[in-house]
Amino acid sequence: MSSLVSLEQTEQIDFSYLRNLLKLTDGNLGAHLSKLEAAGYIKIEKTFVERKPRTFISISGRGRDAFAEHIAALKTIMKSSKEKTAQRK
Amino acid sequence: MEISREEAQRSIAEVNKVASDTARSVAGAFAGPTLILWGVVVIAAYIGTHFFMRLAWHIWMVLDGVGLAGTTLICLAQFRRAKATRYQNAGQVGWRILCFWSAIFGYMFIWLYLMKPRNGLELNAFIVTVIMFAYVMMGLYEGARFLLWLGLAVTGLTLVGVYIIPHKFYCLWMAPAAGGALLLTGVYYWLRAKKLCRNSTN
């Protein structure tokens, strides 16, 4: 998701490129993507480019929102932990 | 399941790293071939200008024309082949790139008309630094940090060429400095993109 969220709204990334970028195997990446697709966070499009089968992945609006919420939650944890430490002092 | 502050911090750091690596890789894959082309154009133009100073205007016009035509063909091929990423609205993206560079060159001509550089060296340095300004802006706003550093580096090297290097060697300095920087950066990102685009399976 971290990778996909850096793409533009209408940008799709190639499966092989993403796999090599994240240093994963086909099976590993495929398993992650299946779960994200089932949750509605990403869209997977299989198509042909110059007569070769290609798979492109993009993040959905719902995926962006969910990811933003996840990051916000992590920041809240960091902030509240910092406040607790400051109070103890 | 509770997440500790350290785990949250590590997660956010990991997210930022992966996001910026992706943005940089994707931008590099797109920019690599264009940077190589302009690196070669710039090196040839500066060397040609050094040896045939009277034909400087013609050399730059012809080679810039080659660069523009080549850039257009490269961009069209990249949109078509979509090795790393593709756009569902490729036409709009292409239009946006065209508008961006048209604005840069439009303002550059306005500033040239207003400021009127005194000689060819000032004119050239001005044009180079305006284009590098565009690279710096793209680097800041498109997540392509390497363009930011490339823009700043070539700007610095240009200023060295103007203020430190004897003027008769300006072109011989700029050929490897500016052209070389573009070429090497382009080659680096092109090779990296080739490696990432390979279709080998596990």
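Tally Lys/Arg at +1 and Asp/Glu at -1 over every other residue whose Cβ is under 15 Å from the Cβ of B:Leu150; what's the total?
Values: positive: B:Arg24, B:Arg145, B:Arg192; negative: B:Glu142.
Local charge sum for B:Leu150: +2.
If I build a Gaussian network model for chain B, linking alpha-carbon pairs within less than 10 angstrom, which residue out of B:Pro117, B:Pro33, B:Pro176 has the largest mean-square fluctuation?
Greatest mean-square fluctuation among the candidates belongs to B:Pro117.
Compute the relative contact order of chain A as a whole-number percentage, counting only Cα pairs closer than 8 Å that sit 6 or more residues apart in sequence.
Details: 68 pairs, mean separation 25.3, N = 89.
That works out to 28 percent.
To the nearest 0.05, what FRET efficiency results for B:Gln88 and B:Met53 with a Förster distance of 41 Å applied to their C-beta separation?
Values: r = 49 Å, r/R0 = 1.19.
That pair, B:Gln88 with B:Met53, gives E of 0.25.
Among B:Ala103, B:Ala45, B:Ala177, which one shows the biggest mean-square fluctuation in a GNM of chain B, springs joining Cα atoms closer than 10 Å?
Judging by the Gaussian network model, the answer is B:Ala103.
Let me check I've understood the local charge: for B:Thr185, count other residues with C-beta under 14 angstrom from its C-beta, Lys and Arg +1, Asp and Glu -1. What total comes out? Mind dumping the intermediate values first?
Numbers: positive: B:Arg24, B:Arg145, B:Arg192; negative: none.
Overall, the nearby charge balance is +3.
For the protein assembly as shown, what is one quarter of the convex hull surface built on the Cα atoms, given in nm²? If you can, show how the numbers build up before the last one.
On the way: hull surface 81.5 nm².
Seen from a random direction, the Cα hull of the protein assembly as shown projects 20.4 nm² on average.
How big is chain B on each of its three principal axes, counting only the C-alpha atoms and giving the largest first in Å?
72, 38, 32
Connecting C-alpha atoms closer than 10 Å in a GNM of chain B, tell me which of B:Glu14, B:Glu122, B:Glu142 has the biggest fluctuation.
B:Glu14
Laboratory data are not the source of any read-out in this text; all were calculated from the coordinates shown. Not measured: the values here are computed from a predicted model. FYI the Cβ positions are ideal-geometry reconstructions off the backbone, even for glycines, and counts take in every protein chain you see.
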